[in-house]
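Working notes, structure below.
The values are calculated or read from the model by the stated rules, or taken from the named source; none is laboratory data. In this text, all values refer to a predicted model and were calculated from it rather than measured experimentally. Cβ placement follows ideal geometry from the backbone for every residue including glycine, while neighbour counts extend to all protein chains displayed. Heads up: the accessible areas ignore ligands, DNA and RNA and are worked out on the full protein's heavy atoms, side chains in. Shrake-Rupley method; radii C 1.70, N 1.55, O 1.52, S 1.80 Å.
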Amino acid sequence: EARHARLHAMLSRLQAMGMGVPAADVLARAKNGNVGRPHLARALVERGFVGSADEAFDRYLGADKPAYVARPDVTVQDAIDVIRKAGGIASLAHPGLHNRDEAIPDLIAVGLTAIEVYHPKHAFGRAGRYRRLARRHALLATGGSDFHGVSEGDHASTPGLPCLPEADFERLLAVAKARGVGLR
């Protein structure tokens, strides 16, 4: 419900800027109903308002941009608790893009289980840095393409690159199996 309310607030802001996008166009992209900004970004591309999803974020949907609407606050502890209760693995996504490494020890203290080591936009040397951090704190390593669509200029236009090394995948799989969760 919160995601739908957020979507409608962003659509209202875009409408005020002359960019009408029907909610149905965006919701149709969210196959499981879990709608988010990437779905809206692709609708903006399809309607010709921007050339890529990255441009949509850079100009309109990113934090502090004119159509951005903040998500309702959920504490990190609450989010990690929900993930763990569902049998999931709480992982910090693309830390190399946020430059907030000083927060990682606090996240570990409240139950962070994994950290994204491999990401296409991690600057040179970041994967090694996060690999060492994962080992030092006994965190699982995650990674992948951050694939959000097929348009050129989207986060990654090739699914699966960079790929997670097999040993890291096997560790994730073992933890998931131990928690009784099957991977899709």
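Brief remarks follow.
- Charge dipole (Cα centre; +1 on Lys/Arg Cβ, -1 on Asp/Glu Cβ; no other charges) of the chain amounts to roughly 340 debye.
- Modelled FRET efficiency - R0 30 Å, residue 70 with residue 179, Cβ distances, 0.05 increments: 0.45
- Close amide H pairs (under 5 Å, H built 1.01 Å from N) link residue 92 with 114, 115, 116, residues at least 5 positions away or on another chain.
- Note, ³J(HN,Hα) from phi for region 50-59, Karplus 6.51, -1.76, 1.60, rounded to Hz, x at Gly and Pro: 9, x, 7, 5, 4, 5, 4, 5, 5, 9
- Nearest-10 value in Å² for the accessible area of residue 55, using the 1.4 Å probe: 50
- Per-residue 3J(HN,Hα) values for region 68-75, derived from phi via the Karplus relation 6.51 cos²θ - 1.76 cosθ + 1.60 with θ = phi - 60°, read 5, 10, 5, 6, x, 5, 10, 5 Hz in sequence order (x marks Gly and Pro).
- Dividing the summed -39500 (n - 2.57) terms of all DSSP H runs of n ≥ 4 by the residue count of the chain sets its mean residue ellipticity at 222 nm at -11500 deg cm²/dmol.
- Phi-based couplings in Hz for region 3-8 (Karplus 6.51, -1.76, 1.60; Gly and Pro marked x): 5, 5, 5, 5, 4, 5
- Each Lys or Arg adds one and each Asp or Glu takes one away; over the other residues whose Cβ falls under 15 Å from the Cβ of residue 28, this sums to +3.
- Simple spin-label estimate for residue 108 and residue 86 in nanometres, 7 Å along Cα-Cβ: 2.6
- D_trans [Stokes-Einstein, Kirkwood Rh over alpha-carbon pairs] for the chain, 20 °C, 1.002 mPa s, µm² s⁻¹: 119
- Local electrostatic count, residue 18, Cβ distance below 15 Å [Lys/Arg +1, Asp/Glu -1]: +3
- Area accessible to solvent at residue 45, 1.4 Å probe radius, in Å²: 30
- Counting Lys and Arg as +1 and Asp and Glu as -1 over every other residue whose Cβ lies under 12 Å from the Cβ of residue 79, the net charge comes to 0.
- Accessible area per residue, Å², the chain with all protein chains present, probe 1.4 Å: 58
- Convex hull per residue volume in Å³, alpha carbons only, for region 25-91: 114
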